[in-house]
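Here is the structure we will look at, set down as structure tokens.
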Amino acid sequence: MKVNDLIATLTFKLGVIGKNINSFLTNDEVELIGLEVNRNIKIVERQEAEAELLSDLQAAHADVDTEPRAPVVTFMGHVDHGKTSLLDALRKSDVAEGEAGGITQHIGAYKVTWHDGSEFVVLDTPGHEAFTSMRARGAKLTDIVVLVVAADDGVMPQTEEAIAHATDAGTKIVVAINKCDKPEARPMQVKQQLAVKGLQPEEWGGEVAMVEVSATTRLGLDALVERIMLEAEIMQLSAKSDAPGEAVVVESRQSPEQGVVVNVLVTNGTLRVKDTVLCGGSLARVRGLVDDHGRQIKDAGPSTPIALMGLDALPMPGDRLYVITDVKKAKEVAEDRQRTARTLSLAERSKMTAETLRAQLEQRTVEEIKIILKADVMGSLEPIRQSLAKLNTEEVKVNVIHSALGGITETDVSLAQASGAMVIGFNSVADQSARQAAERAGVTIRFYDVIYNLIDDAKLAMEGKLKPEEVEEVLGHAEIRAIFRSSKFGNIAGCFVVDGLVRRAASVRLSRDGRVVYTGALASLRREKDDVREVKGGFECGMVLKDFNDIKEGDQLEFFTVKLVKRTLD
Ligand code: GDP
């Protein structure tokens, strides 16, 4: 069928509007068209080649023995509760760390070898959103969430957020009650708070281990590691090292020297240099592997975090990576994926323009803050964009006009200047020429290393765009009891202040028989012969209304002021 006929059938016969040549059709829509034009339609799943590839891989794994593997742990908690300090304390005790001379690589994950020989992998992704966005892509890397709660501060908003994320993902939680060295530490209270939030401490018959620790004095670190390993044992985490490698992308970046560098965590099998791998839309040969201590390695088994070089396109966090044996089939999958990615972005683009246009027509008054976002790794960029998008309301929107990996450059600044945007760097710095350009152009650059703070500030900026709310405050009431005619002033109202007070500078509403007849201001307010600013309840006074002479005895006057109150987003 010609595309035009297809769109006509959809629009006029089936009443499905808004489709164009780049639109995707749902299976239902396709079947409806089939019925309408009397054709038999068989819907073939697009991922067939990929599914075949996966089952090949599984077949290759089938008769290989499984072995226990190291657990993958993510630390979560409220800001300043000591997540970083705890991770540092654990890393300092890493036996392998000493050997490598303490050179640590930021590869989003690293393995810690404890002095008793236990091994666990720490997945160090920025913020809770990263955990969730990775999960949204179908990758469940984390076996255990260590929830860090400060004993002197207790359960805070991000603690609850972390509980929600971990519970929703069905991930085992171990609680580390940190800062127990502090005299004001109240671990008991923390346990009670956690119990209220649904985490029942083991010692009270519940299921959640809660270990009292201190990152500062290293108290309880052994117990914490012991608990993590115990949970891992109960979960019977296992993998096959003698099989083709499979991994999940933790982060990816473009390096000027090394090209695409992908940080992955091997989930099963063994990944080797020179392996052919499929990852996202990229089918490539592994050029090099680097471990979490910056050492070149030849192969990596299950639960090993590594940086991998050789891909020709940037994958997304959460993407899977497989070692390929059937290159022909893998090519099919890679091409298929690239095609989908292209069509998707085309479809998204045309949808965007239609939507923006409609938005522009319908709501000319929508305020927005514009942001240019630069981040160090893909793993931060997407979650930040998503969190920002969540702030959007009917009245005010965040518009990320540009986002990319890398440092803040002069180009970013000039774009910001041109569009009235602010530049935000997440774990990303501005070079000197960018800083100078920003100063000259009056462009704001802000730096963050905590997503929560970034979002909070964006929220503040958005709130600044909201029109303030006008709140009326009633000051008092007066009643007109007599009217004096003056050739100079017009009608003067002789009033009695019934309650509150009346103020010369306030607004006034005059009502008669329950109906408001006039709203305005005073031209003068007098007590006896003097001009005054205020008259209190229980006193008499004379007043003249501005531009209103038609006053009567018995009229009621209400005095009020209008305050502008700053509005907030929630
Ligand atoms: P994060 O925001 O959760 O990563 O928290 P940090 O690790 O940056 O810690 C926040 C503050 O708490 C820092 O000033 C740390 O020195 C302090 N801190 C962290 N752990 C402890 C601890 O166990 N005891 C005490 N007394 N202070 C701690």
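Structure summary
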| item | result |
| --- | --- |
| Rounded to whole Hz, the Karplus (6.51, -1.76, 1.60) HN-Hα couplings of region 145-159, x for glycine and proline | 9, 8, 8, 8, 10, 6, 5, 9, 10, x, 5, 10, x, 6, 5 |
| Cα-projected label distance for Lys465 with Met1, points at 7 Å along beta-carbon direction, nm | 4.2 nm |
| In nm, spacing of pseudo-spin labels at Ile483 and Phe12 (7 Å Cα→C-beta vector) | 7.2 nm |
| Table column - 3J(HN,Hα) (Hz), region 401-409, Karplus curve with 6.51, -1.76, 1.60, x for Gly and Pro | 7, 7, 9, 7, 7, x, x, 7, 10 |
| Chain lengthening between Glu52 and Lys390 when straightened (0.36 nm per residue, less Cα-Cα) | 117.9 nm |
| Degrees between helix 221-235 axis and first principal axis of the chain (Cα, 0 to 90, nearest 10) | 70 degrees |
| Antiparallel DSSP beta bridges within the chain, as percent of all bridges there, nearest 5 | 70 percent |
| 5 angstrom amide H check on Gly288, placed H, neighbours 5+ away | Met309 |
| Percent carbon-and-sulfur accessible area, the chain, ignoring ligands, DNA and RNA, probe 1.4 Å | 49 percent |
| Sparsely packed trypsin sites (Lys or Arg not before Pro) within region 382-488, loop by DSSP, other Cβ within 10 Å at most 16 | Lys488 |
| Computed [θ] at 222 nm, helices only, for the chain once each DSSP H run of length n ≥ 4 contributes -39500 (n - 2.57) | -10000 deg cm²/dmol |
| Hz values of 3J(HN,Hα) by residue in region 281-294 - Karplus curve (6.51, -1.76, 1.60), Gly and Pro given as x | x, 10, 10, 8, 9, 5, 8, x, 10, 10, 8, 6, 10, x |
| Sites Val196 and Glu439 - FRET efficiency at Förster radius 56 Å, r taken between beta-carbons, to 0.05 | 0.65 |
| Linear extension gain, Thr84 paired with Lys331, 0.36 nm per residue minus alpha-carbon span | 84.7 nm |
| Distance between region 230-250 and region 435-467 - C-alpha centres, whole angstrom | 42 Å |
| Mean separation of Cα contacts under 8 Å, 6 or more apart, over the residue count of the chain: relative contact order % | 10 percent |
| Peptides 72-78, 270-276 ordered by average Cβ neighbours within 10 Å, highest first | 72-78, 270-276 |
| Rounded tilt (10° steps) of 127-136 against the dominant C-alpha axis of the chain | 60 degrees |
| Amide H contacts of Phe75 (H built 1.01 Å from N, under 5 Å, at least 5 apart or other chain) | Leu123, Val146 |
| Principal-axis tilt of helix 48-62 within the chain, Cα atoms, nearest 10 degrees | 50 degrees |
| Computed label-point distance, nm, for sites Asp449 and Ala523 using a 7 Å Cα→Cβ extension | 6.8 nm |
| Calculated FRET efficiency for the pair Glu233/Lys298, C-beta based, R₀ 35 Å, to 0.05 | 0.75 |
| Stretch gain in nm, segment Ala169-Gln258, where the contour uses 0.36 nm per residue and the Cα spacing is subtracted | 28.5 nm |
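The values are calculated or read from the model by the stated rules, or taken from the named source; none is laboratory data. Not measured: the values here are computed from a predicted model. When we count neighbours, we look across all protein chains shown, and the Cβ atoms used for this are built from the backbone with ideal geometry, even at glycine. For the accessible areas, the whole protein counts, side chains as well, though only heavy atoms, and no ligand, DNA or RNA atoms are used. Shrake-Rupley method; radii C 1.70, N 1.55, O 1.52, S 1.80 Å.
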